[in-house]
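Everything on this sheet refers to the single structure shown next.
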Amino acid sequence: MFRNFPKELWIAVRITLVIAVIGGLIYPLVMLGVSQVAFNSQANGGLIKNSSGTVVGASLVGQCFYETREESGTLAYQTTSYQGHTFYTVDPRYFQGRPSYTVTTTSSGVEEVVPLSPPCNPLLSQGSNLAPSNSLLIQQVDTYAAYLHCVGIDTSGSFTAAQLQQAVTDPTHHCLSDGATTTPIPVDLATGDFTSFDPDISVAAALAQVNMVAAARGLDPARVHAVVEANITGRILWIFGESDVDVLQLNIAMNQAFGAPPALG
């Protein structure tokens with residue numbers, strides 16, 4: 001048995017080396033080359049740069065555009081309470097992505113839906129895990145949809161920038177202007193995705209926010225609408241999925257087209 005051991009050991013070593021070179025060196029390098037040529041953006045994290053070349057985010061990871069406040073020298077997302085529910089405060093100068101929800105249990109053992117903290121954080125990927133028929137989720141979605149109407153999303157009412165700023169922080173102070181009519185909020189704007197950092201929204205969700213962003217920035221809605229149309233991503237291979245809009249890229253395009261937005265009132 002031991003007579004052929006050195007020979008068999010050498011065969012085993014050679015096979016191991018060949019497999020290691022093929023699987024551990026050649027194959028990864030080939031895949032690296034293919035990915036860099038065919039999928040360069042995705043292979044490098046889908047990084048997005050601003051006009052000065054600074055990386056400001058990634059096309060594959062959503063970012064939040066909520067109002068912030070300073071706490072102990074650091075910026076924290078601001079929240080707003082409306083009809084017994086708490087939401088992150090919308091910054092009307094920017095297009096909004098999908099909300100981030102999670103579920104917590106109070107000291108009395110009651111479950112409640114709360115904003116995921118911090119929102120849009122790829123290190124904290126979790127959704128509410130609630131079924132569409134769950135009463136907690138239904139209440140949260142209905143209330144958040146009403147809040148979005150109050151800040152001028154998908155409404156034909158006329159809002160000023162000052163009114164929008166009042167509405168996002170205190171919806172009961174100024175909700176819909178006189179004679180305003182609303183249409184149903186696009187479902188992806190009012191419902192959270194499971195990862196809580198979805199980078200895209202539907203074309204309908206982007207168009208629903210045109211009047212709000214235009215009013216907050218003091219722009220003609222038609223000009224804002226044109227920027228949205230220019231940033232619509234088509235279907236994959238013209239067949240799969242639906243057209244959508246990357247929220248971060250859209251907001252960058254807005255700043256490139258019209259400059260930085262005015263300060264919040």
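Once fully extended, how much extra length lies between ASN40 and SER117, figured as 0.36 nm per residue of separation less the alpha-carbon to alpha-carbon distance?
Numbers: separation 77, 0.36 × 77 = 27.72 nm, distance 3.23 nm.
Full extension from ASN40 to SER117 adds 24.5 nm.
Which Rg and Dmax, in Å, describe the Cα atoms of region 47-258?
Gyration radius and largest Cα-Cα distance of region 47-258: 17.0, 52 Å.
I want to check the label-to-label distance for VAL30 and SER135. Put each point 7 Å from Cα in the C-beta direction and report it in nm to one decimal.
With each label point 7 Å from Cα toward Cβ, the separation is 5.9 nm.
Report the per residue volume, in Å³, of the convex hull enclosing the C-alpha atoms of region 116-157.
On the way: hull volume 4.1 nm³, N = 42.
Normalising the Cα hull of region 116-157 by residue number yields 98 Å³.
Compute the FRET efficiency between GLN126 and THR105 as 1/(1 + (r/R0)^6), taking r as their Cβ-Cβ distance and R0 = 22 Å, and round to the nearest 0.05. If you can, show how the numbers build up before the last one.
Values: r = 14 Å, r/R0 = 0.66.
That pair, GLN126 with THR105, gives E of 0.90.
For region 187-265, what are the per-bin percents of Cα-Cα distances with bins 5 Å wide, up to the bin holding the maximum?
3, 14, 24, 23, 18, 12, 4, 1, 0
Could you work out how far the C-alpha centroid of region 88-118 sits from that of region 209-265, in angstrom?
Result: 24 Å between the Cα centres.
May I have the convex hull volume per residue, in Å³, for the Cα set of region 1-121? Could the numbers behind the result be given before it?
Working: hull volume 35.2 nm³, N = 121.
So the per-residue Cα hull volume is 291 Å³.
Among VAL213, LEU17, LEU75, whose Cα projects farthest towards the positive end of the dipole of the chain, with charges put on the beta-carbon of Lys, Arg (+1) and Asp, Glu (-1)?
Result: LEU17.
FYI, it's all coordinate maths here, none of it is from the lab. This structure is a prediction, so every number in the text was calculated from the model and none was measured. Backbone-built Cβ (ideal geometry, glycine too); neighbour counts: all protein chains shown.
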